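Student: Below you'll find the structure I mean.
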Number of protein chains: 2
Amino acid sequence: MTRFFEDLAVGDTFELGTYDVTESEIRAFAEQYDPQWIHTDPDRAREESMFGGLIASGWHTAAMTMRLLVDGFLADTAMLGAKGVDELRWRQPVRPDDTLSAAVEVVDREAERSDRGLVRLSIRTTNDAGETVCSMVADAMIARRDDAGESEA
Amino acid sequence: MTRFFEDLAVGDTFELGTYDVTESEIRAFAEQYDPQWIHTDPDRAREESMFGGLIASGWHTAAMTMRLLVDGFLADTAMLGAKGVDELRWRQPVRPDDTLSAAVEVVDREAERSDRGLVRLSIRTTNDAGETVCSMVADAMIARRDDAGESEA
C-alpha cells in the first residue's frame with residue numbers, strides 16, 4: 001500500500017527501525033568523505049579528542065538516518081524528491097557499537113500543486129541511551145493520489 | 001600553517017578543488033544509505049524519472065562536498081567541530097561523470113569563548129556547467145590561536 005500526500009496528517013509519527021553502527025563503517029565512510037582523524041584514527045581519537053574516542057562523521061550519521069527513513073517510511077510513500085533540509089543538528093556523538101533508531105513526524109503539509117503536496121518532516125535520531133544524536137527538518141514532495149486535483153488547497 | 005579563528009575574516013573565500021562523480025559510486029552510496037531506484041537503477045531512472053537518468057543521493061552530494069571541504073579547507077584549519085547545518089538545498093541533479101567543484105565563504109564570525117570562535121560558512125557546490133547543485137550554511141567551531149584569550153569579543 002503506497003502512502004500518498006492525502007494519507008499524511010500533521011502529527012502523524014512513524015518509527016523507523018534501528019541501525020547498528022560499527023567502527024569499520026565509521027572509518028570507511030570517513031576515509032572517503034570526511035577524513036578527519038577524529039573519524040578515522042581510533043588511537044589518536046582516544047588520546048586527543050574531547051569525546052574520548054572515535055566518533056562518526058556527522059554526514060555519516062545523516063546518511064544512516066536516511067537509510068532508516070527510506071526503509072521505514074519512504075519505501076511505502078509516493079516520494080518525488082526533497083527540496084532540502086534545515087536545522088540539521090549533531091547533538092551527541094555517535095560511536096562504534098551504538099544502535100541508532102529514528103522517528104519521523106509530519107509537522108506541516110501543503111497541497112502545493114494538483115499533482116503533489118509538500119510535507120514538512122521532523123526527523124530525530126536517538127542512541128541506545130535514548131539521547132538524541134541528530135535532528136533535522138526536511139521538505140518532501142509527495143504525489144497526490146488523484147492527479148486530476150481535488151479541491152483541497 | 002594551521003589557520004586559526006583569528007586568521008578568518010568575513011568575506012574570505014576558499015576554492016576547494018574538484019570531485020569526479022562516477023555511476024558506480026552513486027550506486028554504491030545509495031545501496032547503503034539511500035536505496036531509492038532513482039539512485040540505484042540506471043534503466044528505471046532513464047525510463048521513469050523526471051530527471052531522465054540516474055542521479056546521486058542528496059546525502060551523497062553533501063558527503064562529496066564535505067570531502068572537498070576537508071581537503072581544501074579544514075585540513076589546514078584548527079577545526080573543533082560543527083554544531084549543524086542550515087539551508088541545505090539540492091538545486092540541480094548530480095549525475096554520473098559530473099565534475100563537482102566547491103567554494104566556501106566566511107559569512108559571519110564570533111569570538112564565542114576565550115579558546116574558540118564560531119564561524120559561519122556558506123558552502124556552494126557547482127557542476128561542470130557552472131550550475132549550483134548544492135548549497136548550505138554551516139556553523140563551525142574553530143580554535144583561537146592564543147588560548148589565554150585576547151580582548152576581542
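The values are calculated or read from the model by the stated rules, or taken from the named source; none is laboratory data. Here the structure is a predicted model, which is why all the values come from computation and not from measurement. As a convention, Cβ positions derive from the backbone with ideal geometry for all residues, glycine included, and neighbour counts pool all protein chains shown. The accessibility values were calculated without ligands, DNA or RNA, using every heavy atom of the protein model including side chains. Shrake-Rupley method; radii C 1.70, N 1.55, O 1.52, S 1.80 Å.
Student: From (1) within 15 Å of B:Leu8 (Cα to Cα); (2) touching a residue at least 12 places away in the same chain (Cβ under 8 Å), pick out the condition that doesn't hold for B:Leu54.
Tutor: (1)
Student: Part of a helix (DSSP H, G or I) and modelled with pLDDT of 95 or more: does that describe B:Glu31? Before you say what the answer is, go through the steps one by one.
Tutor: Working: part of a helix (DSSP H, G or I): yes; modelled with pLDDT of 95 or more: yes.
Yes, satisfied.
Student: A:Val70: outside any strand (DSSP E or B), of a type outside the set (Gly, Ala, Ser) and open to solvent by less than 20 Å² (accessible area, probe 1.4 Å), yes or no? Full working, then the answer.
Tutor: Working: outside any strand (DSSP E or B): yes; of a type outside the set (Gly, Ala, Ser): yes; open to solvent by less than 20 Å² (accessible area, probe 1.4 Å): yes.
It is true that A:Val70 is outside any strand (DSSP E or B), of a type outside the set (Gly, Ala, Ser) and open to solvent by less than 20 Å² (accessible area, probe 1.4 Å).
Student: For B:Ala75, which of the numbered conditions (1) within 14 Å of another protein chain (Cβ to nearest Cβ); (2) open to solvent by 50 Å² or more (accessible area, probe 1.4 Å); (3) free of Cβ contacts under 8 Å to residues at least 24 places away in the same chain; (4) over 20 Å from B:Met1 (Cα atoms) fails to hold?
Tutor: Going through the list (1) within 14 Å of another protein chain (Cβ to nearest Cβ); (2) open to solvent by 50 Å² or more (accessible area, probe 1.4 Å); (3) free of Cβ contacts under 8 Å to residues at least 24 places away in the same chain; (4) over 20 Å from B:Met1 (Cα atoms), B:Ala75 breaks only (4).
Student: If A:Met50 satisfies all but one of (1) more than 8 Å from chain B (Cβ to nearest Cβ); (2) part of a loop (DSSP other than H, G, I, E, B); (3) on the phi < 0 side of the Ramachandran plot, what's the number of the condition it fails?
Tutor: Of (1) more than 8 Å from chain B (Cβ to nearest Cβ); (2) part of a loop (DSSP other than H, G, I, E, B); (3) on the phi < 0 side of the Ramachandran plot, only one is false for A:Met50: (1).
Student: Still on this model: In the set A:Ala62, A:Ala129, A:Ala102, A:Ala56, which member is part of a loop (DSSP other than H, G, I, E, B) and surrounded by 21 or more Cβ atoms within 10 Å (Cβ to Cβ)? Lay out the reasoning, then the answer.
Tutor: Working: A:Ala62 fails: part of a loop (DSSP other than H, G, I, E, B); A:Ala129 fails: surrounded by 21 or more Cβ atoms within 10 Å (Cβ to Cβ); A:Ala102 fails: part of a loop (DSSP other than H, G, I, E, B).
One residue alone meets the criteria, A:Ala56.
Student: On to the next question. When residues of segment B:84-99 are filtered for being in a strand (DSSP E or B) and either open to solvent by 60 Å² or more (accessible area, probe 1.4 Å) or farther than 29 Å from A:Thr132 by Cβ (or both), how many remain? Talk me through it step by step, then tell me what you get.
Tutor: Just the residues of segment B:84-99 that are in a strand (DSSP E or B), to begin with: B:84-90, B:99.
Now drop any that are not either open to solvent by 60 Å² or more (accessible area, probe 1.4 Å) or farther than 29 Å from A:Thr132 by Cβ (or both), which leaves B:87, B:89, B:99.
Adding up the residues that qualify gives 3.
Student: Among the residues of segment B:78-104, write down those that are within 9 Å of another protein chain (Cβ to nearest Cβ) and of a type in the set (Asp, Glu). Reasoning before the result, please.
Tutor: Quick first cut of segment B:78-104, residues within 9 Å of another protein chain (Cβ to nearest Cβ) only: B:79-91.
Selection gives B:Asp86, B:Glu87.
Student: Hey, can you tell me all the residues within segment A:18-53 that are aliphatic (A, V, I, L, M), under 20 Å from the mean Cα position of the chain (by Cα) and open to solvent by less than 50 Å² (accessible area, probe 1.4 Å)?
Tutor: Going through segment A:18-53, the residues aliphatic (A, V, I, L, M) turn out to be A:21, A:26, A:28, A:30, A:38, A:45, A:50.
Then keep just the ones that are under 20 Å from the mean Cα position of the chain (by Cα); that gives A:21, A:26, A:28, A:30.
Residues satisfying the conditions are A:Val21, A:Ile26, A:Ala30.
Student: Which one of B:Leu68, B:Leu54 is at pLDDT 95 or above and touching a Leu at 6+ places or on another chain (Cβ under 6 Å)? Working first, answer last.
Tutor: Working: B:Leu54 fails: touching a Leu at 6+ places or on another chain (Cβ under 6 Å).
Checking each option against the conditions leaves just B:Leu68.
Student: Confirm whether B:Gly11 is open to solvent by 30 Å² or more (accessible area, probe 1.4 Å) and within 18 Å of the chain's Cα centre (by Cα). Please lay out each step first, then the result.
Tutor: Details: open to solvent by 30 Å² or more (accessible area, probe 1.4 Å): yes; within 18 Å of the chain's Cα centre (by Cα): yes.
So B:Gly11 fits the description; yes.
Student: Can you work out which of the residues in segment B:16-42 that are of a type in the set (Ser, Thr, Tyr) and closer than 15 Å to A:Ala75 by Cα is nearest to the other protein chains (Cβ to nearest Cβ)? Spell out the reasoning first.
Tutor: Looking only at segment B:16-42, we keep the residues that are of a type in the set (Ser, Thr, Tyr), and these are B:18-19, B:22, B:24, B:33, B:40.
In the following step, the residues that additionally are closer than 15 Å to A:Ala75 by Cα were identified as B:33, B:40.
On the way: B:Tyr33: 4, B:Thr40: 11 Å.
Per the stated criteria, the residue is B:Tyr33.
Student: A follow-up question, please. Under the condition of being closer than 28 Å to B:Asp98 by Cα and among the aliphatic types (A, V, I, L, M), which residue from segment B:109-139 is nearest to the chain's Cα centre (by Cα)?
Tutor: Ranking the qualifying residues of segment B:109-139, first place goes to B:Ile123.
Student: Could you list all residues from segment B:105-117 that are part of a strand (DSSP E or B) and open to solvent by less than 30 Å² (accessible area, probe 1.4 Å)? Lay out the reasoning, then the answer.
Tutor: Filtering segment B:105-117 down to residues part of a strand (DSSP E or B) leaves B:105-110, B:116-117.
Result: B:Val106, B:Gly117.
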